[in-house]
1. What about LEU103, is it assigned to a helix (DSSP H, G or I), surrounded by fewer than 23 Cβ atoms within 10 Å (Cβ to Cβ) and at pLDDT 95 or above?
2. Tell me which strands (runs of 3 or more DSSP E) are completely within region 436-549 and hold 1 or more residues being on the phi > 0 side of the Ramachandran plot, or say none if there are none.
3. Within region 611-636, can you find the residues that are hydrophobic (A, V, I, L, M, F, W, C), closer than 18 Å to VAL686 by Cβ and surrounded by 21 or more Cβ atoms within 10 Å (Cβ to Cβ)?
4. Would a scan of region 343-359 turn up a residue that is open to solvent by less than 10 Å² (accessible area, probe 1.4 Å), within 20 Å of PRO763 (Cβ to Cβ) and in a loop (DSSP other than H, G, I, E, B)?
5. Evaluate region 449-459: report whether one residue or more is in contact (Cβ under 8 Å) with a residue 24 or more places away in the chain, of a type in the set (S, T, N, Q) and open to solvent by less than 20 Å² (accessible area, probe 1.4 Å).
6. If you check LEU67, LEU43, LEU124, which single one turns out to be in contact (Cβ under 8 Å) with a residue 40 or more places away in the chain and surrounded by fewer than 24 Cβ atoms within 10 Å (Cβ to Cβ)?
7. Can you name every residue in region 401-428 that is farther than 23 Å from ARG187 by Cβ, in a strand (DSSP E or B) and touching a residue at least 40 places away in the same chain (Cβ under 8 Å)?
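The values are calculated or read from the model by the stated rules, or taken from the named source; none is laboratory data. Everything quoted here is computed from the prediction, not taken from an experiment. Heads up, the Cβs are rebuilt from the backbone with ideal geometry, glycines too, and the neighbour counts pull from every protein chain shown. The protein model used for the area step is the full one, side chains on, heavy atoms only, and it has no ligands, DNA or RNA in it. Shrake-Rupley method; radii C 1.70, N 1.55, O 1.52, S 1.80 Å.
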Amino acid sequence: MRAILRVFYWIFAILVIATAASAWWYIYRPLPQIDGSTSLPGLRQEVTVERDGWGVPHIRAATVEDLAEAQGYVMAQDRLWQMDLLRRVARGQLSEILGPTTLNIDKSFRTYGFGRAAERDATLLDAESRKVIEAYARGVNQFIEQHKKNLPLEFSLLRYEPKPWQPSDTLAISGYMYRTLTDTWERELNRAKVTERAGADRAKDLFSEEAAMDHFVVGDPKVIDDGSQRSAAGADDEDDDDDMEPDTVLKAGRGSSGGVLKAEGDPDLTSALAESVLEFLQESKNEIRQSLGSNNWVVSGAHTATGKPLLANDTHLELSIPSIWYEIHLTAPGWNVKGLTLPGAPMVIIGHNDRIAWGFTNNGADVQDLYVESFIPPEDDNYRVNANGAWAKAQILDEVIRVKDHPDEHLKVVVTRHGPIVHREGEKEYALRWTATEPGGLANSYNWLGKARNWKEFRETMKRVWGPGQNAVYADVEGNIGYVMAARVPIRKKGHGEVPVPGDTDDYEWTGYIPFEQLPQALNPESGLIVTANARVVGPLYKPYLTDRWEEPYRTARIYDLLHDRHDLRPEDMLKVQTDTYSYPHLFLADQLSAAAKTLSPKDARAQKLIEGLKDWNGIADADSPEVSFLHAARRAALDILLAPFLGKETSLYQWRSTTFLQKILTDRPAKWLPAAYKNYEELLVAASDAAVTKLAEQSKSDRLEDWAWKRFNSLDMFHPIGREGMLKRFLSITDKPQSGTIYSVRAASKTHGPAMRFVGNPGNWDESILLIPAGQSGQPGSSHYSDQFSYWYEGKPIFAPFSDAAEASARKHSLTLKPGS
């Protein structure tokens, strides 16, 4: 027996040692050097990289080029695989490392042509931008070259090496963000279908941009001084807008994409991980469509305890590990900026310098149009361009997609004068025109704002921005607050592009872009408060067309309610607003259901009990509440009942301000919308409550109300792209965390989508600004900074971000010197 035990102990010891050795080799050995010194051959002078206790780097360089090169190196230290994944998604090169599972995603992105557009736009950069983006690429490539034998875990699991970083890869990732924030063409298709089935009269109700709870930034007839007339004059100059380049529309050139690298690997593991990545990307796209939400606001000193402005921003994107945002502080001549940037992007996109702070939410300006092309005959490559029968030959591109362990896939991309054919339905073929792929669309974004010193310089930088179109709020140390929406927004000859339009005529062509001076902007409004949350920002007095596809108004309204009469605000108060879980439409529906149940009882006793539980509910969507689950399901059921007579089982085609529509119908109770099966709206509401409990029982597989807590249906899942199942899920992802709030709360909580960062800029004392991300700075699971910020983000606690030399010296934990030469 002792001999058997001895053998067992030896086997156990060997397994422990082997496991520890494997963990060290694959998880800890790839961790980057963060102390001492190392060489970075492209540098002109030494660069220092100091990191605080959260792993946030502060890079100090003598030139902007050295700064960018060091930033590329440091970003690769922490996020190399994420950078590679993003560029592969944007370029349509996932199947090269993951096999045929991701072919459809690759085909979609190849059709969009971000790789082609990025290669073209890289040649259109101005001299300063080109130097910075090339220096950044050098830094990334130096890290790759130095660490080929100890790459991050994901490269080992998938058994491939990253190819060199190209300047155009940075631009391709801009394309990925365009797709995330402005890809609306499928909604245009759905709007056309809904309009056809419901009829023009009902479509006016369904697609109305009016909402009682909207708060306009500009163009509100009830507000005399919204700051819009002060914006340009506030720059305190003669304004050199006359020197702007005219906002003309250029035709996009079409180029070919570059080659790709063949990678080898284990097909079984690759297949399993490919399914994980595919599910991650598909769920991300669906979540963004259904619950897009970001918040930003700025208050003047009249609302704060210090008499200086405060600015807050939380962008809501896919919640993943690693986070989509990366924190960094950059210092060089003309630059001293701290904030957030994207993996693969130089400089800082959101944040503050020593003079100004700024933040973004998605505006939703319509920058895509679908054209129904008429091919002659349908199987030919010739298509009509006008009513007189003139025709043109479509450009045919052969996109070669490398597929791991399989033959190459050839994708035929048909490109008309409007853009690529992105959808075919019956005999109709739809071409997509998109500002993202117009010449310069990917090259002119938000990376240069960190150099601005005041409102004038901020506006001048925003003039050069193509997109994606963002609502930018602004604050500075002089006490100014402002707002600008900057992007290239098309002017159309006819219509607004809300639905597909004929492509065989010039009637719907773009004639230019809205001039910058006509885009919405404001400086120092009398209210001292500017709020945007993806809802409508322009009132009826604002005439240029941006979109009528605004998001719901509830977050904007809640933020206004929490801030407008405050005069003692501090950074922590802004964070409390960002994490607020009150839900206006759920409270409205609770009142409607309670009133209906007084005249007509639900058939299902469970529905009656839940409605009774809504008495005196305060609107806070608590994770433990079954009533919130009930209200959420009843909202959907009521919509389905209203829309089913026209859309049948395809009620999900309607993706507009659906809750605003529902609220208006239940408030006004028009006879034309009441389905014939119901005598009154009380019957409809009671039927919706019965349908809701049936749905909850089905989803939870339980009839017990105790099992219907909101956390059962809306728990937080932050997945690593390859960590959705089994051991990798436990090791790489954070899942099944109860969370309060709904998609209509300021916190905007859904399962895999929400606040991807939180930022509070404090011009009164930059050291008391707040900056945090959902997980951590590092994408390497062996790092102590892989998920160290999660508890602060999850619990709504602040992480103050030191900025002054004294504060950063006190917070410094590591220091690395990057030296020129080999």
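1. Working: assigned to a helix (DSSP H, G or I): yes; surrounded by fewer than 23 Cβ atoms within 10 Å (Cβ to Cβ): yes; at pLDDT 95 or above: yes.
So LEU103 fits the description; yes.
2. Working: elements: 470-476, 481-486, 490-492, 510-513, 521-523, 529-532.
Filter on region 436-549 gives 510-513.
3. At the first step, the residues of region 611-636 found to be hydrophobic (A, V, I, L, M, F, W, C) are 611, 614, 617, 620-621, 623, 628, 630-631, 633-634.
Next, from what is left, pick out any that are closer than 18 Å to VAL686 by Cβ: 611, 614, 630-631, 633-634.
ILE611, PHE630, LEU631, ALA633, ALA634, listed by residue number.
4. Checked against the condition, which is being open to solvent by less than 10 Å² (accessible area, probe 1.4 Å), within 20 Å of PRO763 (Cβ to Cβ) and in a loop (DSSP other than H, G, I, E, B), region 343-359 yields at least one hit.
5. Residues of region 449-459 in contact (Cβ under 8 Å) with a residue 24 or more places away in the chain: 449-456, 458-459.
Keeping just the survivors that are of a type in the set (S, T, N, Q) gives 454.
Going one step further and asking which of them are open to solvent by less than 20 Å² (accessible area, probe 1.4 Å), we end up with none.
Looking through region 449-459, none of the residues is in contact (Cβ under 8 Å) with a residue 24 or more places away in the chain, of a type in the set (S, T, N, Q) and open to solvent by less than 20 Å² (accessible area, probe 1.4 Å).
6. Numbers: LEU67 fails: surrounded by fewer than 24 Cβ atoms within 10 Å (Cβ to Cβ); LEU43 fails: surrounded by fewer than 24 Cβ atoms within 10 Å (Cβ to Cβ).
Checking each option against the conditions leaves just LEU124.
7. If we filter region 401-428 for residues that are farther than 23 Å from ARG187 by Cβ, which is where we start, we get 401-412, 417.
In the following step, the residues that additionally are in a strand (DSSP E or B) were identified as 401-403, 406-412.
Correct list: ILE401, ARG402, VAL403, HIS406, GLU409, LEU411.
Residue-wise test of (1) among the polar types (S, T, N, Q); (2) in contact with a helix residue (DSSP H, G or I) (Cβ under 7 Å, 6 or more places away or on another chain).
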position: ASP565; (1), (2): no, no
position: MET574; (1), (2): no, no
position: ALA597; (1), (2): no, yes
position: ALA607; (1), (2): no, yes
position: SER625; (1), (2): yes, yes
